[in-house]
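Single-structure report; data block below.
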Amino acid sequence: MIIYNVTINIDDSVHDEWLFWIKEHIPQVLATGKFVDAKLTKVLVEEDLGGTTYSVQYKAHSREALDAYYAEDAERLRADGLKRFADKMLAFRTELEVIDEYSVNFNLLKMAINQKIYNNRKALRIISVLMMFIGVIVAYFCYDSEPWETIGGFMCGLGFAFFIIFVSLKQPKNNPNS
């Protein structure tokens, strides 16, 4: 996969107008069908030349798709920006080849936790009933005695919450994408 990166430094005098324009321009570039998606990012380094710097990263379908964009669409789509912002905008383009991509799949973690809770559902039931029972006993024998009355009520509530979780447990699916 190829990333077509356009880095733009925009003068503060036309910043707001340019930002509005680029948010309309990006969908026009994507409409060519040569790119999968795009990201508009702000560069967080202050530039010596002033202004604000942005990066637009277009993810191309392939090297051939990017070459087709250059041949069929680039000049026409760049012309509007050059006409509007001429000397108030400085842009340079970079091509990046994606070597590998990494991400965290939180669904796998969620699935593992669900499986662990489901596998220990008998213990959860016992703990929830025990917490409610102890909470009732503590609240009964320590009635009108802070903080024990509050602690007893809290244990009852927590035990009840665990019991509700137990009652609503369903066997987890083995599909990490669910």
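Does Arg121 count as touching a residue at least 40 places away in the same chain (Cβ under 8 Å) and touching a Leu at 6+ places or on another chain (Cβ under 9 Å)? Against the criterion (touching a residue at least 40 places away in the same chain (Cβ under 8 Å) and touching a Leu at 6+ places or on another chain (Cβ under 9 Å)), Arg121 qualifies.
For (1) of a type in the set (S, T, N, Q); (2) surrounded by 13 or more Cβ atoms within 10 Å (Cβ to Cβ), each residue gets a yes or a no:
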{"site": "Leu124", "(1), (2)": "no, yes"}
{"site": "Tyr143", "(1), (2)": "no, no"}
{"site": "Thr150", "(1), (2)": "yes, yes"}
{"site": "Val167", "(1), (2)": "no, no"}
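If I filter segment 90-103 for residues that are open to solvent by 80 Å² or more (accessible area, probe 1.4 Å), in contact with a Lys or Arg (Cβ under 7 Å, 6 or more places away or on another chain) and either in a helix (DSSP H, G or I) or within 14 Å of Ile2 (Cβ to Cβ) (or both), do I get at least one hit? Checked segment 90-103: no residue is open to solvent by 80 Å² or more (accessible area, probe 1.4 Å), in contact with a Lys or Arg (Cβ under 7 Å, 6 or more places away or on another chain) and either in a helix (DSSP H, G or I) or within 14 Å of Ile2 (Cβ to Cβ) (or both).
Filtered by the rule that a residue be of a type in the set (D, E, K, R) and closer than 25 Å to Asp16 by Cα, segment 41-81 gives Lys42, Glu46, Glu47, Asp48, Glu75, Arg76, Arg78, Asp80.
Of the residues making up segment 66-89, those that are of a type in the set (A, V, I, L, M), free of Cβ contacts under 8 Å to residues at least 40 places away in the same chain and either in contact with a Leu (Cβ under 6 Å, 6 or more places away or on another chain) or surrounded by 15 or more Cβ atoms within 10 Å (Cβ to Cβ) (or both) are Ala68, Ala74.
Checking each residue in segment 20-33 for being in a helix (DSSP H, G or I), open to solvent by less than 80 Å² (accessible area, probe 1.4 Å) and touching a residue at least 12 places away in the same chain (Cβ under 8 Å) picks out Trp21, Ile22, His25, Ile26, Val29, Leu30. Could we say that Thr52 is over 20 Å from Val98 (Cβ atoms), surrounded by 14 or more Cβ atoms within 10 Å (Cβ to Cβ) and touching a residue at least 40 places away in the same chain (Cβ under 8 Å) here? Yes: the conditions hold for Thr52. For the residues Val45, Val36, the requirement of being open to solvent by 20 Å² or more (accessible area, probe 1.4 Å), assigned to a strand (DSSP E or B) and farther than 19 Å from Arg78 by Cβ singles out Val36. Say whether the condition of being small (Gly, Ala, Ser) and touching a Phe, Trp or Tyr at 6+ places or on another chain (Cβ under 7 Å) is met by at least one residue in segment 108-128. Within segment 108-128, one or more residues are small (Gly, Ala, Ser) and touching a Phe, Trp or Tyr at 6+ places or on another chain (Cβ under 7 Å).
Checked against (1) assigned to a strand (DSSP E or B); (2) open to solvent by 40 Å² or more (accessible area, probe 1.4 Å); (3) at pLDDT 95 or above; (4) touching a Ser or Thr at 6+ places or on another chain (Cβ under 8 Å), Lys59 passes all but a single condition, namely (4).
The values are calculated or read from the model by the stated rules, or taken from the named source; none is laboratory data. Model, not experiment: these values are computed from the prediction. No Cβ is skipped: glycine too gets one built from the backbone with ideal geometry, and neighbour counts run over all protein chains shown. The accessibility values were calculated without ligands, DNA or RNA, using every heavy atom of the protein model including side chains. Shrake-Rupley method; radii C 1.70, N 1.55, O 1.52, S 1.80 Å.
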